[in-house]
Structures are given as C-alpha cells and as structure tokens.
Amino acid sequence: MCGGFTCSKNALIALNVLYVVVASILISVAVYGQASSLVVPNLPIVGGILACGVFLILISILGLAGAVKHHQVMLFFYMVILFLLFLVQFSVACACLAVNSDQQEALAEQGWNKVGLDVKEQVQERFQCCGFQSRIHNTTGDFPVCDLVDRTCCHNEEVTPECWCKPCMKRLKETIDYAFKLCGGIGLFFSFTEFLGVWLTVRYRNQKDPRANPSAFL
C-alpha cells in the first residue's frame, strides 16, 4: 500500500534526489541567462533563480537526512524552509515572466552605457551588430569601429550602404527576453515540486515508524 510509512519514506527520499537534479538545472539555466548577454551580465532576477538553485541543494541534503532517520526536528525545519523557498522561487519566476519589452530595452541600454569599449567590441563580434540603436554619427566614440564585423556580416564581401551590420539593440533584447522566459518558465514549473515536497513531508512526519517504539514517537 503506497500510503504506508515505507512508501512515504521512499517517496520523500526520491523527491529530494530529484531536487538535486532540479537545482542543478536551475543553476545551469541561471548561469546561461547571466552569460547570454555580455552587456547585462548580472540580471538581478536571474540571479534570484541561481540563489534558489543553490539553496535547494542544501535543503535537499537536510531533507534526505530527515527522511532516512525519520527525524522530527529535521523534517519540521525542512518543511518550513522548503515552503519559504517555494514562495521565493514562485515569486522570482513570475517576475521573470512579467518583464515586458520596454523593461528589456531599458536593461539593454543601461548595460550598454555602462560597459567599456572592449566589452562593446565583444558584443558586436558575438552578435554581428554595430552600435546600440544607430551606427550613424559616431563622433563621440560610443562604440568601436565596425569595419571588421561589417565584413563578417557581408561574408567578407565589399561593404556597401546595402550591406552592413545592423544595430545591436534588437539582438540584445531578443537574448535578454529568451533568458528571462527560460529562467521564469523552468523556475515556475519546478516550484510546484517543492509544494509537493511540503505536503509529502507533513504526511510522512505524522506517520509512525512500525519498527520504532511507539512510545518514542513525538
């Protein structure tokens, strides 16, 4: 019978092993989200997903120890912390999905204005673009010259008014949008597994171990 003590114990152990995998996925996605744009390397909301992933690994270790030993105190703190983590991860994931196009453009422009010419040159080479919103009238040196990247965009052919690299703004917005949607979607999906863990812990904690002394059960 799956509702018994042994089944609940094995289910909770398996769920915490799954949490280790989930946390690894969250960390990988968040690292990709931060590295996906050289201009905005420290997206704060994406950093929240990364923190949730690291914290989930630590919590899963506590959950494994509590499940194996059927330790009431460990299971209690595990249940409370996991529920708080569910609330944080759910909120952060929803925030990622709620970022609109204007906010993404503002993030990209803010990051572009802060970084140096060497980073801008890397961005232009990576995304095959030139300038942020326009490449015309670059009298203040806002971005590096685009001779080399223009040849790449034109496949080493002669650069003409009809053949040159487009501004970087659209490409950066697309990258930031993908990073937010990826982090938000995965974070939202896996946050519900944490709610399942809270429910399973409450159930398992209130069950008696048939091998233990009944009078020792708290």
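The values are calculated or read from the model by the stated rules, or taken from the named source; none is laboratory data. None of the values given here were measured: they were computed from a predicted structure. Positions of Cβ are generated from backbone atoms using ideal geometry, with glycine treated the same way; all protein chains shown enter the neighbour counts.
If I ask for residues that are small (Gly, Ala, Ser) and in a helix (DSSP H, G or I), which ones from the stretch 115-132 would you list?
none
Spot the failing condition for PHE143; the list is (1) surrounded by fewer than 20 Cβ atoms within 10 Å (Cβ to Cβ); (2) in contact with a helix residue (DSSP H, G or I) (Cβ under 9 Å, 6 or more places away or on another chain); (3) at pLDDT below 75, and only one is missed.
(1)
So which residues in the stretch 63-114 are assigned to a helix (DSSP H, G or I) and among the polar types (S, T, N, Q)?
GLN72, GLN89, SER91, SER101, GLN103, GLN104, GLN110, ASN113
Provide a single number: the residues in the stretch 76-125 that are of a type outside the set (Gly, Ala, Ser) and closer than 23 Å to CYS52 by Cβ.
Count: 24.
Does CYS94 satisfy the condition of being modelled with pLDDT under 80 and surrounded by fewer than 20 Cβ atoms within 10 Å (Cβ to Cβ)?
For CYS94, the condition - modelled with pLDDT under 80 and surrounded by fewer than 20 Cβ atoms within 10 Å (Cβ to Cβ) - is not met.
Quickly run through the stretch 43-81 and pick out the residues that are crowded, with 19+ Cβ neighbours inside 10 Å and modelled with pLDDT under 80.
LEU43, ILE45, VAL46, GLY48, ILE49, LEU50, CYS52
In the set THR193, THR201, which member is modelled with pLDDT of 75 or more, among the polar types (S, T, N, Q), assigned to a helix (DSSP H, G or I) and over 27 Å from VAL99 (Cα atoms)?
THR201
State the number of residues belonging to the stretch 97-124 that are under 16 Å from CYS183 (Cβ atoms) and exposed (fewer than 14 other Cβ atoms within 10 Å of the Cβ).
Residues in the stretch 97-124 being under 16 Å from CYS183 (Cβ atoms) and exposed (fewer than 14 other Cβ atoms within 10 Å of the Cβ): 3 in total.
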